[in-house]
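The structure appears below as structure tokens.
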Amino acid sequence: MVNQLGYAVVDLETTGFSSNDRIIEVGVVLLDPNLGVQGTWETLIQPLRDISNSEIHKITATDVVNAPTFDDVAQHLGDVLNGRVLVAHNAPFERRFLEQSFERAGVNVKLPARWIDTMDLASRYLGVKKLAEALDATGLHNDFPHSAVGDAQATAKLFTHFVAHNAAPISGFPAATCTTRPTSTANLLPRGSASREGTWAHKLSQSLPASGHKNEDAYRDELTRALIDHEISRTEVQQLEKVAVQSGLGPDDVDAINEEFIRQLVIEAWADGVITDSERATLLAIGGALGVDPTVTAALMEHPTTGDVQASFALKPGDRVAFTGTLDLPREVWAQRATAAGLDVGGVKRTCAVLVAANPDTMSGKAQLAREKGVPIIGETAFAQLLSALESSNTQALEPVDVGQVDNIDDSLLGLFPWLTAEELLAGTDSADIAAAWISLYPDRPLHELAAALLPHHAPEATGAGIDRYLAVWSLHHDQMLSASADDVIDLPGVGEKRQHKLVELVVDLAIDGVPETPVAAPVIEEPKPAAADPTPEELLKEAWSSPYDPFAAAVGGGDVVKPTPLAAPRPKKRAPKVFKWSAILCVASFVLFVILLETLDPDAESLVSGLLAVTFVFSGITAGIAGVITLLQKLLGK
């Protein structure tokens, strides 16, 4: 029987492949019962976490700043899929992510267990599995590879080809059902639409009050923070909109303040008597972002301008700076430079001067905390300029620090790692030192006990370096990554002591960066993956380089944070099972070799080799017996 509504061809782009990852783009192609295209449905999704695999799908944190969350569009997507047979390339992957996402959103969508999988059809009819290879073999083309709607359109073409040329079976498949209906219009953000949006200042006129109490100072303060790096990111634009509304400013007020700031920046640029091409481009870009008429900005730059100069932002010795994300220069290098310049490197506090991020639009835990506390977020280039200015202004050597008089210990570190003493923190407070201390003291304790804010299902953030492939291996062996211990980590394939230290160091970084307190639904129990639909080699390779990190996967709980009690003394490792295993292997091997000698070269067992094998057999047998008894007792006693 042919489905009455037709088919929905689905493709997703995600932050990775593990259960901790999130959807960042959805593309759906709707086909009628005769496989004619009825339309498409697509949107970017705000995953509320950092995006570390942008090189694959070309979606960055900046692209999804204004995108809806999955919760925002879940009912609309369920309504789109309702009553249709679902089609996908590697269907178990799409089904798993959609089921988890719908369940977290609390939307009652029942996805069928059986989808039409074009990867299975390609394997059956063409002998290939990859979408690109199947398209090449059939002479089809993907106009927008690695975009959700582009891959969905290519999959729809492939599906239609198999039905037309191979008589692929399409009847008997159950349809998706959705019992809830959307109550509002979907606020979708297709890929690329952000670049076609009007200026935010123009959109303000539709929402800002025309009169009332006005607080220009709050808006000016927010604008000052946004312009520290002479750039305005989309998240900063959102914050400016919010402050403008809260301050009761009308569109004319906002335009006037923005133009005044441009004038002040032009005055600052003319301070040395010349405006360079770089400064001119920067001023025009800022003016455009603020909605200032470009002819006004250009006119101001034509001749030297005088007046009150807006004070430039500068770092001072003793200022707190924090870092987040995978920076171009290693975080340790920036921390060393900042410390040498007299800055205080640590976590995000209200007194923090700046947070340095790889992408100022990132939604990492530290970045969200910084926005909450009003801490400016800048990129590496801007920080390098601020740091260079500070280094050149430091004409006098810094006074030696007296540990007895100055509190050199970050209070947040003491709270995060209660198992370390103040003296140990003074001896070494970087991530590598803390990781080494944990491995030495508590190698068999679950890693989520390393810090107060960590939970078993949290996962470290990807670095963009080679260690990421071992993060992927870790996530495949442990669904709840931080339930594993340091000993469990070193037992992973390809992980030795050096990589063990690095992986534990990433856990320390996760604790220091902060895990956001975002409530989520009950954990989702995943169904086993069918063997016939395992990912292709290309997808496994992409998975190895993707990030399992999900800082927004679960809440840390509301209310006051209870400082955990120090951990108990480390328990000794269980050696008996390993001794039993290797002793038994040695016993069997020596016995087999002894028998071979008796049957061939030494029937009287008079040689030295025969004697050694006999002694080895007896000794290893006794050892295996003792170790086996100890292992059995440990299991019975639950130790």
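Here, each number is a calculation from the coordinates, and none is a lab measurement. All values derive from a computational prediction rather than experimental measurement. Cβ: placed from backbone, ideal geometry, glycine included. Neighbour counts: every protein chain shown.
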Item to complete: For a footprinting-style exposure proxy, rank L597, L283 by other Cβ within 10 Å, fewest first.
Response: L597, L283
Practice prompt. Calculate, for D136 and S483, the FRET efficiency according to 1/(1 + (r/R0)^6) with r their C-beta to C-beta distance and R0 35 Å; round to the nearest 0.05.
Written response: 0.20
Worksheet item: How far, in nm, would the chain grow between L284 and S184 when pulled straight, counting 0.36 nm per residue and subtracting the alpha carbon separation?
Response: 32.1 nm
Practice prompt. For the pairs K316/K366; K58/K157; K110/K366; K578/K635; K58/K373, note any where the Cα-Cα span goes beyond 25 Å.
Written response: K110/K366; K58/K373
Discussion item. Taking the Cα centroid of region 340-373 and of region 141-158, what is the distance between the two, rounded to the nearest whole Å?
Written reply: 39
Fill in: Neighbour-limited loop hits for GluC sites (Glu not before Pro), region 275-384 (at most 12 other Cβ within 10 Å; DSSP other than H, G, I, E, B)
E302
Discussion item. At R0 = 22 Å, how high is the FRET efficiency between L632 and D444 if r is their beta carbon distance? Nearest 0.05 is fine.
Written reply: 0.60
Worksheet entry | Paramagnetic reach from L593 in region 607-626 [backbone N under 15 Å; point 7 Å along Cα→Cβ] | 607-621
Response to the item:
Protection proxy (average C-beta count within 10 Å per residue), highest first, orders 176-185, 110-119, 381-390, 152-161 as 152-161, 110-119, 381-390, 176-185
Practice prompt. Could you give the size of the charge dipole of region 43-152 about its Cα centre, using +1 on the Cβ of each K and R and -1 on the Cβ of each D and E, expressed in debye and rounded to the nearest 20?
Written response: 360
Fill in: Among 136-149, 499-512, 603-616, the order from most to least packed when residues are scored by Cβ within 10 Å on average
499-512, 136-149, 603-616
Practice prompt. At 7 Å along the Cα-to-beta-carbon direction for both E391 and L35, put a label point, then send me their distance in nm to one decimal.
Written response: 6.4
Worksheet item: With point charges of +1 on the Cβ of Lys and Arg and -1 on the Cβ of Asp and Glu, referenced to the Cα centre of region 72-141, which listed residue (A134, A122, A74) lies farthest in the positive direction of the dipole?
Response: A122
Discussion item. Cut-off is 10 Å between beta-carbons; in what order do K242, K366 appear when sorted fewest neighbours first?
Written reply: K242, K366
